[in-house]
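We did not get these values from a lab; they are worked out from the coordinates using the rules stated. As the structure is a prediction and not an experimental result, all values here were calculated from the model. Please note: Cβ atoms are built from the backbone with ideal geometry, for glycine as well, and neighbour counts cover all protein chains shown.
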Amino acid sequence: MKSIKIKNHWLYGMPITIYTLLREGLDIFNIGTNLENHQGIFGKGHSKYNIKEKDFVIFFFGWNDMQKNINLHAADRWREEIDDLLQKYVQTISMSKGHIIPIIANIYPNPRAGADLQTMRGSEEERRNYFLYANDVLRNLCAKNGILFLNLYELVADENNCIREEFTTDNIHLDGNNLKLVAFVEDRIVKFCQSYL
Amino acid sequence: MKHNFLSGEVQKNELFVTYADYVANRNNTQYSEETIRTIDNEILAYENTNFIADSGFETKQQIFAIGDSHCLFF
């Protein structure tokens, strides 16, 4: 079996929503280079990404927007807000083509019952409507803009559109300590990237 | 100790396991903690500086995931 390690870390100082990504931008070739003081807190040894030309970069943004901000700021016009937000998101990422090989990932499903929902906004049904609609929009926009779309949704979501019980320990995130899951997902992503080489 | 990842194998003394098997069974192995750390570090060093033969990836071409707190496993 051929494999390649995927660097996947949320880093201190990174935008945590599409909204902040668009507003603040992201120096993609210098992620983490000024964060030595925070290494080990969020970076877990990979604080310096050292992304180079021609590398694959998978963008995993949108979960916080759908779970928190859409309902808070645009509950009565959420489709229009998601349309506008994601169009700018995909257009911005498409500008990186020629330097990197950008990939946009689907937005992950709802947390499970028992998760800490204090910062979530909207009912479970409302949030489910948001991210299901957003994933459809993302898929179409990626196709129109020639961006690779990585869809892990069926793998990580259960029949209620919540994160699968067996893949999480906090009812919100995928469990990075589940080595079989990590190996499976990484292998799937590597094969996905290989198919576009 | 020799790790021959180019052929998809990890060689340690008389023991041969594939990288995938090693990862899958990492918490259920007869390796000592020190050996596991050594292999982990060598795997990481390898992955950080090399590409996998015949995979189609260019030399040192890597895959990164960036995002919010739901970036793959976070």
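Some observations on this one:
- When the alpha-carbon atoms of segment A:52-194 are used, the pair Rg, Dmax equals 15.5, 44 angstrom.
- Average other protein chain Cβ within 10 Å of Cβ, residues A:185-197: 3
- Net lengthening on full extension, A:H99/A:A143 (0.36 nm per residue, minus Cα-Cα): 13.9 nm
- Partner chain coverage, peptide A:50-63 - average Cβ within 10 angstrom: 5
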